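K.L.:
I'd like to ask you about the structure that follows.
Where a number appears in this text, it was derived from the coordinates with a stated rule and is not lab data. This is a predicted model, so every value here is computed, not measured. For neighbour counting, all protein chains shown are included, and Cβ atoms are generated from backbone atoms with ideal geometry for every residue, glycine included.
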Amino acid sequence: MVDTIRLAARDITFGYVPTAPILSDWSADFHAGEVVAITGPSGRGKSTLLYVLGLMLKPTAGQVQIDGTDAAHRRDADRAGLRAHQYGFVFQDAALDATRTVLDNIIETTLYRGTPRKPAIRRAHELMDQFGVALRAGAKPGQVSGGQAQRIALCRALLNDPQILLADEPTGNLDPASSDLVVDAVHAQAHRGAAVIVVTHDPALVARCDRRLEL
Amino acid sequence: MSALRRWAAVVREALATAWAQPVASVVTIVMVAGMCATVLLTTGRTVGAEQAVLGSIDSEGTRSIIIRADTDAGLDATVLDRLAHIDGIQWAGAFGIAQDVTNLQFAGATKVPMRLAWSSQLNHLGITTLPPVSNASIWASPTALAGLGMPDAVGAVVDDSGVDFAVTGSLTVPDFLAFLEPLVIAPQTENTPGTVAVLIVIADRPDLVAPVSDAVRSVLAVTDPAKVTLTTSENLAALRGLVEGQLDSFGRSLVVVVFALTAVLVAAILYGLVMLRRKDFGRRRALGASQALIISLLLTQTGALALVGATIGSIAASIGLTASGDPLPGWDFVGAVALLSTTIGVIAALVPALAAARRDPLKELRVP
Ligand SMILES: Nc1ncnc2c1ncn2[C@@H]1O[C@H](COP(=O)(O)OP(=O)(O)OP(=O)(O)O)[C@@H](O)[C@H]1O
Ligand SMILES: [Mg+2]
């Protein structure tokens, strides 16, 4: 399984302004079942790389291949479908909808996938238990801590059992015990055949990854 | 998932979003309700005012033609037979020379002018049945009755030559005969024609006053036309036509202007509300929502809120108009205004949503 290239970057170039590229001809392979750490100084472009790999930003040149075929230059609707069905994404700042409950946030993507709510709600409760964020019903993101928000974002990312899991500083706000929970979950997802990429400064997390890429 | 369940999921999410953003939702409802109510209230009031103005100009007085003839002009009551052949006449009546009468009971009391009267439509004056001996019975207006000292319309009067008449009833004096007050008439039939001093003709419509005047003049059959004067309110009739046209176009342009102003206001505010949600759209898109889904969510949400607003606005305006005694514009008009308000709200929300949905999700998510 480790030999299957799930996700590949092929000569990616990207810059928010074309004159100042943040990524230039960057390539890497990410295998199914593998957890890869991406490290590098602040402002280097780690988050930006995750957005390009997550099909949220279009590279100015190069390809993002999923299971061998380019996805970066497909129609917008196709890329949205891939994000909904294949990807799990944990944003650096969690990016939860402050107006909705924690549960609503976790099951948000069922609407985008067009899958039923009931099983999603059941799975969401399991994940909330697993990550210690089984808060009272109706709690809103504004009423949880930064570390809790980060774990709620991970619940949302794991809900659809993604084949590609991209996590931006998932342990950034967490104590060692909670960090271990997250690292365990990330490995569990890799064992289910996902390619997992975590951006992190956390040496403990890097140490538990299969591979490390310095940006 | 079937199309229906997918649609139900979109509606559910749109309503949940509207519920989760109470301030924006209330603002949207209030704006659309305000637009709807403003248009309906101004329009309703305009319609009411227009009807009042036209009603006041459109009295029979506007359409009356008055012919005064000197005693020796040779105008007699047979003119009514000839007038019967002229089209466009609503009412015609001829009045004889005034002769003073007083209450038979108090000789030397107030004198009131009495005239012989001919008309085939005396019911217009409140005289429904003519008595058998017509020229011995008279009807008097309340003013005249007061002058005669018989407010109950019971009694008799006597003229200077000693002939007495029985007061049979009270007259209803239409506006166009007010200039003859105090009015006392002795209704005559066509079998007893006599000299006519005042002939009054009411045209069917204001614009018929001029042609009917010409026709009337041609059938007067007087011996000396110089002793006859014909007056009309033709100018007033023309003025009425002008006022009607002005009010119509004023009403129409008022609706358009009020609609345009409120629509710009609503559009600006909805645009702002949607722009505030760009980050929300960015997150949804980043997590896998398609552009089409974002747009259908927003359409459903704004459409539902605008519909609530339009309903509230229409009901409030109808209550307001009823309370102030103004006429209600027709329900089809109210419905059209409500629909147009909803559409304007949805379009105003759609434009920024389209712009937001088309951009890279991350650029929306990372807006400052
Ligand atoms: N929307 C944007 N427009 C222009 N430049 C941007 C934008 N977003 C980020 N940048 C710039 O791109 C560079 C990379 O940003 P990025 O967020 O990818 O860094 P990072 O490696 O994730 O940093 P950190 O470790 O602090 O999270 C930074 O210099 C940043 O200023
Ligand atoms: Mg970053």
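K.L.:
Just report the Cα centroid separation between region B:297-338 and region A:17-81, whole Å.
P.N.:
Each part reduced to its Cα centre gives a spacing of 51 Å.
K.L.:
Take every DSSP beta bridge whose two residues both sit in the protein assembly as shown, then give the antiparallel share in percent to the nearest 5.
P.N.:
Taking every DSSP beta bridge with both residues in the protein assembly as shown, the antiparallel ones total about 65 percent.
K.L.:
Taking 22 Å as R0, compute the FRET efficiency from the Cβ-Cβ separation of B:Gln105 and B:Asn191 and round it to 0.05.
P.N.:
0.10
K.L.:
A follow-up question, please. Projecting each Cα onto the charge dipole of chain A (Lys/Arg +1, Asp/Glu -1 at the beta carbon, about the Cα centre), which of A:Gly45, A:Ala134, A:Thr200 comes out farthest on the positive side?
P.N.:
Sorting the options by dipole projection puts first A:Ala134.
K.L.:
For chain B, what's the relative contact order in percent, using C-alpha pairs closer than 8 Å and at least 6 residues apart?
P.N.:
29 percent.
K.L.:
Can you count the Lys pairs in the protein assembly as shown whose Cα atoms are under 28 Å apart, with each pair 8 or more apart or on different chains?
P.N.:
Counting lysine pairs in the protein assembly as shown gives 11.
K.L.:
Hey, another quick one. Assuming R0 = 45 Å, what is the FRET efficiency of A:Leu135 and B:Thr343, from their Cβ-Cβ distance, to the nearest 0.05?
P.N.:
E(calc), rounded to 0.05, equals 0.60.
K.L.:
Where does the protein assembly as shown land at 222 nm, in deg cm²/dmol rounded to the nearest 500, when only DSSP H runs of n ≥ 4 count, each adding -39500 (n - 2.57), divided by all residues?
P.N.:
Counting only the DSSP helices, I get -15000 deg cm²/dmol.
K.L.:
Enter the mean number of other protein chain beta carbons within 10 Å of the beta carbon of each residue in A:106-113, as an integer.
P.N.:
5
K.L.:
Roughly how big is the protein assembly as shown's charge dipole about its Cα centre, with Cβ charges of +1 (Lys, Arg) and -1 (Asp, Glu), in debye to the nearest 20?
P.N.:
Magnitude of the dipole: close to 3700 debye.
K.L.:
Given labels modelled 7 Å from the Cα in the Cβ direction, how far is it in nm from A:Thr60 to A:His73?
P.N.:
Result: 1.6 nm between the two label points.
K.L.:
With the dipole of chain A worked out from charges on the C-beta (+1 for Lys and Arg, -1 for Asp and Glu) around the Cα centre, which of A:Ala9, A:Thr99, A:Pro170 lies farthest toward the positive end?
P.N.:
Projecting each Cα onto the dipole axis, the largest value belongs to A:Thr99.
K.L.:
So what is the relative contact order for region A:6-80, in percent, with contacts set as C-alpha pairs under 8 Å and at least six apart?
P.N.:
So the answer I get is 37 percent.
K.L.:
Something else: Could you give log10 I(q)/I(0) at q = 0.21 Å⁻¹ for region A:58-172, computed by the Debye formula over C-alpha point scatterers of equal weight, without solvent?
P.N.:
Result of the Debye calculation: -1.15.
K.L.:
Could I ask something else about it? Pull up the DSSP beta bridges for region B:116-201 and report the antiparallel fraction as a percent, rounded to 5.
P.N.:
45
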